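The values are calculated or read from the model by the stated rules, or taken from the named source; none is laboratory data. A quick note: this is a predicted structure, and the numbers were derived from the prediction, not measured. Every residue, glycine among them, receives a Cβ derived from its backbone with ideal geometry; neighbour counts consider all protein chains shown.
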Amino acid sequence: MAFLLGQGWLAVGPILHGGLTTRKKNISLLQELPLMLMSGLIINYGLTLGVQSITISLVVGSILSIIGTSCFVIYVFRYHTRQTPTRSMINKWIGTTFICLLFLSPILTEPLTDWDARSIWFFHAKMIYAADSIGQSAGWQQPSVGFSHPDYPNLIPALAAQVADVMGFWNEYIPKASLFFILVPAVALLFTFARRSISFIFLLLLILFSSLSTATLWNGYMDGYLALYFSIGMLLLGRYIASTQSIDLVSCVCCLIILPYIKNEGALATLTGIGLLTFVLLRKGNLIQAKSLFIVNWKYFLAGLLALIPFALWGIYKQQWNLSNDLEIGTTQSFLRIFSRLTDGSYKLIFQSIYLQIEGALLLVGLLYIASVALNMPFVKESLPALLAAGIFCLGMIIIYLLTPADLVWQLSRSIDRTMLSVNGCIFIGSYYILNAMENKKTAL
Amino acid sequence: MPRIYNRKRYVFLFLLFVLAWIELFWGNKVYGIFIIAFFIILLVFRPPSFSIIAASALVIVFFTTPTIESLTELRNSNLNTISHPKQPLVNILSPNSGQEVLPLEVQEMLALLQTHNITSYRISEQMEQNLLIDQRIREAAWPIQFDTSSSYLFVSPHDLIIIPNCVVMDQREDVVLEYCH
């Protein structure tokens with residue numbers, strides 16, 4: 001964990017505070033730590049892709065981490081140890097730790113069993129570990145590994161390979177520790193919303209323990225984490241609408257940037273999120289204010305662009321090694337398939353399958369919205385980005401299913417429950433904000 | 001009564017019936033009846049109670065999502081680890097542990113690959129048609145690679161036919177290893 005935190009501080013420190021040991025903004029550690037971890041994950045992945053060797057990435061990463069951690073320790077002693085932690089903050093830390101430890105057991109004690117976890121994500125990790133490289137020598141071009149979608153992003157596989165490299169061996173348990181490292185920042189971000197309220201309990205139940213769980217956070221699948229980070233991104237964007245705190249915006253962008261490194265659908269989620277974020281920023285001010293916002297926050301935009309370097313690097317490698325996605329998006333055949341499925345009625349099967357997956361979430365948000373109308377409440381603005389995100393992402397997935405070259409019935413049966421996790425997650429975030437607004441109104445009365 | 005409030009009540013009633021209609025005819029009839037019953041209660045209690053709304057939302061969460069199953073799985077996993085910590089620690093810290101989740105045929109193939117220090121292998125066409133066996137051996141055996149030109153061939157004893165130039169090299173209960181010249 002310190003390995004990632006140290007690397008992350010090298011980016012987060014200058015961005016938030018203008019230096020590695022100085023402090024300019026009053027931001028809690030609970031908000032800084034997840035940013036550090038997410039940044040550390042991206043920096044580590046970028047480093048691994050850049051040097052390609054796992055051993056070298058670990059050595060260089062460790063050096064960077066030692067520098068970053070040392071500066072972070074100085075920063076904490078200078079500023080955070082002087083502050084007396086409030087009861088609320090202590091409870092949030094205890095809650096974060098408890099929830100993370102709760103998930104640690106199934107992550108580490110249950111072996112890799114499920115299909116995609118073995119055939120794709122941790123198989124890629126094994127390939128990287130065996131070759132001590134994420135480069136061509138890992139075997140991406142071997143015909144015998146075509147079933148494992150070698151074009152998929154490798155943030156978690158690379159991290160899992162590094163874990164196995166540090167341990168010195170491979171088994172079906174220890175590489176899964178990589179899942180814990182990506183879980184911790186998400187849980188910490190959730191607990192920044194913690195307060196003694198029914199709505200926060202709902203948030204935890206809905207996001208961590210309902211359809212986003214059922215083992216998708218510990219079985220080795222990436223869909224749960226994609227949905228988790230996408231949902232939390234929209235949660236933070238919703239809070240930004242109310243609070244206008246820049247830390248919420250930065251955290252939201254960080255959650256969105258990490259998505260394309262988890263799964264290919266993450267690119268769709270990132271575009272959706274960035275589009276909605278732009279919409280929110282433009283709604284808050286006019287174009288002139290948007291321009292000055294860019295000039296004032298140029299560091300954040302630069303950091304965002306730098307964070308996309310690993311995405312560009314992997315794209316270049318895929319081109320060089322002829323690793324293409326089997327969906328054939330953008331080809332003439334894909335458009336013909338869309339047209340064919342729209343005309344032969346197959347689209348109804350897609351809609352039916354999707355509805356079955358999101359029925360519960362729609363029921364919840366529908367009832368809460370109607371209840372808010374019954375309480376004479378104005379529309380809850382904070383819920384809008386999440387609900388729009390759910391709709392746009394769902395639309396994107398409908399298009400993917402329309403153009404898939406595989407048999408539609410087979411594709412739907414194999415994947416619809418996982419691909420709709422992100423849609424459900426965003427609808428749940430919208431539900432949380434409506435419930436939260438009702439609870440605040442009740443408290444105010 | 002203010003006009004805005006009346007308009008909102010009509011919107012609310014309209015949305016209620018749309019939701020109930022969708023559920024009754026396209027979704028789950030129980031949910032549809034639940035929606036109607038829930039809001040009749042909501043209309044009766046004035047002012048609308050947050051507790052009823054929260055309780056109803058909780059019921060929906062528990063009945064339409066696998067929340068209870070998830071919490072149960074987490075509880076069982078943690079209780080098991082706390083009660084018997086030794087085995088999980090041994091599993092985590094042992095090389096190549098966890099292979100018992102693989103199909104028996106794959107476990108036997110891995111054992112044969114290791115015993116005979118084989119660096120590449122292939123499997124019979126019948127075995128290849130079994131997607132589970134095919135993918136599991138390819139990923140479990142890595143970095144020992146599946147190679148269509150390999151001399152080492154795994155076949156199932158049930159599909160054993162005489163293949164020219166191939167001799168049985170070793171055998172387990174569910175797989176036969178042949179060497180083909």
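Among the residues that make up the stretch A:419-426, is at least one of them more than 18 Å from the chain's Cα centre (by Cα) and in a helix (DSSP H, G or I)?
The initial filter retains those residues of the stretch A:419-426 that are more than 18 Å from the chain's Cα centre (by Cα), namely none.
No, that holds for no residue.
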Could you list, ordered by first residue, the pairs with Cβ atoms under 6 Å in which the first is in the stretch A:422-445 and under 20 Å from A:Met222 (Cβ atoms) and the second is at pLDDT below 90 and not in a helix (DSSP H, G or I), at least 6 apart or interchain? A:Asn424/A:Ser211; A:Gly425/A:Leu212
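Yes/no matrix, rows are residues, columns are (1) within 21 Å of A:Ile107 (Cα to Cα); (2) in a helix (DSSP H, G or I); (3) within 13 Å of chain A (Cβ to nearest Cβ):
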site: B:Glu73; (1), (2), (3): yes, yes, yes
site: B:Ile82; (1), (2), (3): yes, yes, yes
site: B:Leu112; (1), (2), (3): no, yes, no
site: B:Ile137; (1), (2), (3): no, yes, yes
Can you name the number of the only condition in (1) over 25 Å from B:Arg122 (Cα atoms); (2) assigned to a loop (DSSP other than H, G, I, E, B) that A:Thr113 fails? (1)
Could you grab me the full set of residues in the stretch A:139-197 that are without any contact (Cβ under 8 Å) to a residue 60 or more places away in the chain, more than 10 Å from chain B (Cβ to nearest Cβ) and assigned to a loop (DSSP other than H, G, I, E, B)? A:Phe193, A:Arg196
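Among the listed residues A:Lys318, A:Lys348, which satisfies the condition of being in a helix (DSSP H, G or I), of a type in the set (Lys, Arg) and without any contact (Cβ under 8 Å) to a residue 12 or more places away in the chain?
A:Lys348
Let's see how each residue does on (1) more than 21 Å from the chain's Cα centre (by Cα); (2) facing another protein chain (nearest Cβ under 9 Å); (3) at pLDDT 80 or above; (4) under 17 Å from A:Asn436 (Cα atoms):
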position	(1), (2), (3), (4)
B:Ile36	yes, no, no, no
B:Leu42	yes, yes, no, no
B:Arg46	yes, no, no, no
B:Ile53	yes, yes, yes, yes
B:Ser56	yes, yes, yes, yes
B:Thr67	no, yes, yes, no
Subset of the stretch A:17-32, residues buried (at least 22 other Cβ atoms within 10 Å of the Cβ) and more than 15 Å from A:Thr192 (Cβ to Cβ), comes to none
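For the stretch A:376-386, enumerate the residues that are surrounded by 21 or more Cβ atoms within 10 Å (Cβ to Cβ) and of a type outside the set (Asp, Glu).
First pass over the stretch A:376-386, keeping only residues surrounded by 21 or more Cβ atoms within 10 Å (Cβ to Cβ): A:380, A:382-383, A:385-386.
Within the stretch A:376-386, A:Val380, A:Ser383, A:Pro385, A:Ala386 qualify.
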Here the qualifying pairs (Cβ atoms under 6 Å; residues six or more apart or on different chains; first in the stretch A:57-85 and in contact (Cβ under 8 Å) with a residue 12 or more places away in the chain; second among the basic types (Lys, Arg)) come out as A:Tyr79/A:Arg23
More than 14 Å from every other protein chain (Cβ to nearest Cβ) and either within 20 Å of A:Val145 (Cβ to Cβ) or surrounded by 15 or more Cβ atoms within 10 Å (Cβ to Cβ) (or both): is that true of B:Glu128 in this structure? no
